[in-house]
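Undergrad: There's a structure below that I have some questions on.
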Amino acid sequence: MKPGLRGFFDTMERYFADSAAPGALERLYTAHPGWDAPRERVALYGQMVRHHPDATLDKLYPRVRACLEADVWRALVDAYGASRPARPFEMNQLGEGFGDFLARETPARGLPDFVPALARFEWTDFAVYSSRESVPERVERLTVNPTLAMLEHPFLLVAYLRGAAPGGPAPGAERVLLWRHPERQVTMFLAAEERSLLVLKMALEGLSCAQVAEATGVHEAVIRATVDERVADGLVLAPS
């Protein structure tokens with residue numbers, strides 16, 4: 001790339017990063033005397049480049065945004081954009097590091113301490129929903145849903161997300177399972193309690209209901225009902 005063209009792109013990058021500031025457009029034109037591109041089009045382009053990353057974060061993190069004041073949210077979005085320019089061609093990918101960014105910003109900005117965990121949950125929710133993992137239509141044995149992901153955090157987010165904790169999530173160690181339902185194509189989630197973990201163990205180790213009943217002393221019908229429940233919600237896949 002020629003030095004002049006490199007300089008042009010450098011000034012355009014600065015303009016996109018600061019397009020909302022007073023005089024940003026004029027500074028861009030001053031840096032390139034004789035440039036005759038229509039000012040209205042360049043201004044509109046700057047607005048679009050600025051708008052799309054902001055709108056993407058709004059879409060990816062609605063729960064985080066809802067628990068913050070509007071001006072606090074906007075300041076966070078602006079600071080995140082300044083620290084991490086939007087470069088991926090897939091716009092949604094620019095939000096991947098937002099949870100880690102919030103973890104660094106929470107103490108200084110006095111944000112609710114559960115906000116980084118909530119952001120990581122929302123990113124994982126999106127990542128599971130958009131996962132390219134192929135869910136097989138038929139399986140020969142009990143099989144873990146290949147879109148499954150697990151999060152660990154020091155808050156009881158599941159109760160909060162289901163509306164059972166309106167004042168905010170309570171502190172407490174929690175593991176959450178998230179996966180995409182093979183038929184409904186939505187992200188499912190639940191706290192990783194013993195029954196669900198047992199069903200996952202059965203799928204991973206090829207254990208039958210009879211084997212688990214014998215090993216645990218739990219009635220086989222109870223084990224089978226638990227498996228059927230997790231098959232129905234798509235956590236595991238069962239042979240037809």
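Each value in this text was obtained by applying a stated rule to the coordinates, not by laboratory testing. What you see is a predicted model, and the numbers here were worked out from it, not measured in a lab. Positions of Cβ are backbone-derived with ideal geometry, glycine not excepted, and every protein chain shown enters the neighbour counts.
Undergrad: Between Arg138 and Thr30, what's the calculated FRET efficiency when r is the beta-carbon distance and R0 is 45 Å? Round to 0.05. If you can, show how the numbers build up before the last one.
TA: Working: r = 65 Å, r/R0 = 1.44.
FRET efficiency, Arg138 to Thr30: 0.10.
Undergrad: So what is the relative contact order for segment 115-240, in percent, with contacts set as C-alpha pairs under 8 Å and at least six apart?
TA: Values: 176 pairs, mean separation 37.0, N = 126.
29 percent.
Undergrad: How large is ³J(HN,Hα), in whole Hz, for each residue of segment 204-221 in order, when computed from phi with the Karplus curve 6.51 cos²θ - 1.76 cosθ + 1.60 and θ = phi - 60°, using x for Gly and Pro?
TA: 5, 9, x, 8, 8, 4, 5, 5, 5, 4, 5, 6, 9, x, 7, 4, 4, 5
Undergrad: How much length, in nm to one decimal, is gained on full extension between Asp113 and Lys59, taken as 0.36 nm per residue of separation minus their Cα-Cα distance?
TA: Values: separation 54, 0.36 × 54 = 19.44 nm, distance 2.16 nm.
Fully extending the segment from Asp113 to Lys59 adds 17.3 nm.
Undergrad: Can you list the residues, at least 5 places off or on another chain, whose amide H is less than 5 Å from the amide H of Val236, using H built in the peptide plane?
TA: HN-HN under 5 Å from Val236: Asn145, Val231.
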